[in-house]
Amino acid sequence: MGRVIRNKAQTAKGRIKEALGRTARNRQTQREGRSDRSMGNLKQAAAKARKAFKR
């Protein structure tokens, strides 16, 4: 359960960082936010796959 929360937090952090980069017109921050968001989503998908194969 802790991993799920951590991954969702990383996704949320990425969304916030990407939005900040967009408003500040800072492309690097925007890219970092996008990568954080995608990594969080990827980790969530991996956890779901692990859970499916566990059954």
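Computed from the coordinates by the stated procedures, all read-outs in this text should not be read as laboratory data. Predicted, not measured: the structure shown is a model, and the values here were computed from it. We place every Cβ from the backbone using ideal geometry, glycine too, and count neighbours over all the protein chains shown.
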Restricting to the stretch 33-47, name every residue that is over 11 Å from the mean Cα position of the chain (by Cα) and surrounded by 13 or more Cβ atoms within 10 Å (Cβ to Cβ).
A47
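Within the group A47, A24, which residue is small (G, A, S) and without any contact (Cβ under 8 Å) to a residue 40 or more places away in the chain? I'd like the intermediate steps shown before the answer.
On the way: A47 fails: without any contact (Cβ under 8 Å) to a residue 40 or more places away in the chain.
Within the list A47, A24, the selection yields A24.
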Could you check, for the stretch 9-32, whether at least one of its residues is part of a helix (DSSP H, G or I), exposed (fewer than 10 other Cβ atoms within 10 Å of the Cβ) and under 16 Å from the mean Cα position of the chain (by Cα)?
no
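When you look at R50, is it surrounded by fewer than 13 Cβ atoms within 10 Å (Cβ to Cβ) and in contact with a helix residue (DSSP H, G or I) (Cβ under 7 Å, 6 or more places away or on another chain), yes or no? Talk me through it step by step, then tell me what you get.
Working: surrounded by fewer than 13 Cβ atoms within 10 Å (Cβ to Cβ): yes; in contact with a helix residue (DSSP H, G or I) (Cβ under 7 Å, 6 or more places away or on another chain): no.
Criteria not met by R50.
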